Amino acid sequence: MDERGTIPRLPDAELEVMQALWALEHYPAHTGDVAARLSRDWKAPTLLKLLSRLEERGFVRGEKEGRSNLYTPLVAREDYLRAESRSFLQRLHQGSLGSLVAALYPDAHLTQEDIRSLERILG
């Protein structure tokens, strides 16, 4: 987190590593466990550098166990998604949910189920 207590936006490569870490069931996780969840076949030094950056940013806690590196997420997936979604809405649509929906459905071909879902969300 940054000095204001907000969750900063991650670069794509670091986000991919976080998504792999969030997908695991048990923590702390070995580097190999994270690597197995990645869609890319990154070399070990690249993955370790990305995990080190995530640790510096406060997204993960790293620890040594013998020769192994273990990692635990410090930011929950849901918290990151919430912050990133708010940021996206504000940056691209000036906070307007209507603008976002209009951009997603430019031809306004919403089904009745789409409309019911939106009504449930908007309460």
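The values are calculated or read from the model by the stated rules, or taken from the named source; none is laboratory data. No experiment lies behind these values; they were computed from the predicted model shown. Glycine also receives a Cβ, built like all others from the backbone with ideal geometry; neighbour counts cover every protein chain displayed.
Within the stretch 6-18, being without any contact (Cβ under 8 Å) to a residue 40 or more places away in the chain and touching a helix residue (DSSP H, G or I) at 6+ places or on another chain (Cβ under 8 Å) holds for A13, V17. Restricting the first member to the stretch 64-93 and to residues that are more than 18 Å from I7 (Cβ to Cβ), and the second to residues that are at pLDDT 85 or above and among the basic types (K, R), the beta-carbon pairs closer than 8 Å and six or more apart or on different chains are L70/K64. The set of residues from the stretch 89-123 being among the small types (G, A, S) and within 25 Å of R9 (Cα to Cα) comprises G95, S96, G98, S99, A102, A103. Taking the stretch 45-75 as the range and being among the aliphatic types (A, V, I, L, M), crowded, with 16+ Cβ neighbours inside 10 Å and either at pLDDT below 95 or in a loop (DSSP other than H, G, I, E, B) (or both) as the test, only V75 passes. Being within 21 Å of the chain's Cα centre (by Cα), assigned to a helix (DSSP H, G or I) and not hydrophobic (A, V, I, L, M, F, W, C) is true of S85.
What tally of residues in the stretch 23-36 results from selecting those that are part of a helix (DSSP H, G or I) and crowded, with 16+ Cβ neighbours inside 10 Å?
Number of matching residues: 4.
Filter the stretch 76-123 down to residues that are loosely packed, with under 10 Cβ neighbours inside 10 Å and of a type in the set (G, A, S) and give me whichever is modelled with the lowest pLDDT. If we take residues in the stretch 76-123 being loosely packed, with under 10 Cβ neighbours inside 10 Å and of a type in the set (G, A, S), then A108 is modelled with the lowest pLDDT. Checked against (1) surrounded by 12 or more Cβ atoms within 10 Å (Cβ to Cβ); (2) part of a loop (DSSP other than H, G, I, E, B); (3) modelled with pLDDT of 95 or more, R9 meets all criteria but (3).
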